Amino acid sequence: MARLSVNELSVTYRTEGGDLTAVDNVSFDVLDNEIFGIVGESGCGKSTLGDTFLQLLDENGHISGGSITYDGTNLAALSEKELAENVRGSEISMIFQDPNASLDPVYTVGQQLIETITKHLNLDRSAARERAIKILDDVGIPDPGDRIDDYPHSFSGGQLQRIVIAIALSCEPGLLIADEPTTGLDVSIQAQILDLLNDLAGSHETSIILITHNLGVVAEVCDRVGVMYAGNMVEIAPVEPLFESPEHPYTRALLESIPERHGIKEGLTVIPGHPPDLRHPPDGCRYNPRCPDAREVCQRIHPDNREVPGTAHSHRAACVKHTGFDLGYDDSVPLDRGDDTQATPRTDGGDR
């Protein structure tokens, strides 16, 4: 059963150079107790997508189309007051990249946990403190009964991220959004945080959206994954089929760029060209200026994300070559690009 359903969602930013659609007609579901990964290059729209669920967009951003349905409620239609009182923290929580930016240095971690618990749950401070100690223990903080009164500066980076996760889980949300939760942590601590998220998805009956650029992280913990490119969700599949048989050329290029898959001695594989400026996206498929498989039809048709015929699992891709479109794709005739072999470089400076 779907915990979250995103249907034809679009998010637009107003900029001096014109409107920029950072998320364009995106649809996917997140199932109960699953970890759903969202991957893509910097600037593909994955962090904007995560912020949209709780309407944490910058002032110049807005939902320009579609719906976000969580347990039957369209989050896109809720007011700021309704989100603050009934959704944020209690139903949906978010873990940001930098735990130092998420914690107030002048308050103890216990004060910050207890404040969250008393705001959303009908508990007095004594009961809230007991709950805070338990959740700190759940996320692996040693001696939580003593350390609850310590300030953030006395914890390591990995412990701070565990505390941020504890705050996010303190009110038993149904959905946890983790935006690059292992960035800046060393490899051993990253592994611990990923193991923790994996355990929490089952023990707390929480669905998790894991936003990352790291395909190794996705392979480690996710059940399914959505691949984003230039604001579009270009492929959605269970992790194993996606890694073994990617159906979109961009996904294939991402996987081929992982050094561990092919060995350092063979050299690093890079994706030629640049992501497009989303104020002036290319016609047709947005990946076509960088795609080695592109044909003339790819410059005309902006393909929908459709079920891939013949796959044993639910596998969707937005590509005329791989989804059975009868639109004139001819594998024997390459696209004549002339001198235009790369997409227009980004000029907005964004990393969303």
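Where a number appears in this text, it was derived from the coordinates with a stated rule and is not lab data. Fair warning: this is a prediction, and the values are worked out from it, not measured in the lab. Note: ideal-geometry Cβ built from the backbone for every residue, glycine included; neighbour counts use all protein chains shown.
Quick notes on this one:
- Residue order, fewest to most surrounding Cβ atoms within 10 angstrom, among F155, F53: F155, F53
- Value at 222 nm in deg cm²/dmol, rounded to 500, when DSSP H runs of n ≥ 4 in the chain each add -39,500 (n - 2.57): -8000 deg cm²/dmol
- Crossing angle, helix 109-120 versus the chain [Cα axis fit, 0-90 degrees, rounded to tens]: 80 degrees
- Efficiency of FRET between S126 and Q192 - r from beta-carbon atoms, R0 30 angstrom, step 0.05: 0.45
- About its Cα centre, the chain has a charge dipole of approximately 200 debye under the convention of +1 per Lys or Arg Cβ and -1 per Asp or Glu Cβ, with nothing else charged.
- Compactness index (Cα Rg / 2.2 N^0.38 Å), segment 102-172: 0.96
- Backbone N under 19 Å from the S203 label point (7 Å along Cα→Cβ), restricted to segment 135-152: 135-148
- Stokes-Einstein diffusion for the chain, with the hydrodynamic radius set to the Kirkwood value over Cα pairs and evaluated at 4 °C in a medium of 1.567 mPa s, equals 60 µm²/s.
- Contour excess over end-to-end distance, with Cα ends at E59 and I258 and 0.36 nm allotted per residue: 68.0 nm
- Between N74 and Q111, the contour length at 0.36 nm per residue exceeds the alpha carbon distance by 10.1 nm.
- Cα centroid separation - segment 207-230 against segment 112-142, whole Å: 29 Å
- The C-alpha atoms of the chain define a longest principal axis, and helix 125-138 lies at about 50 degrees to it.
- Rounded tilt (10° steps) of 157-169 against the dominant C-alpha axis of the chain: 80 degrees
- Note that segment 206-223 has calculated 3J(HN,Hα) couplings of 10, 7, 10, 9, 9, 9, 7, 9, 9, 5, x, 5, 4, 4, 6, 10, 7, 8 Hz, one per residue in order, obtained from phi through the Karplus relation 6.51 cos²θ - 1.76 cosθ + 1.60 (θ = phi - 60°); glycine and proline are x.
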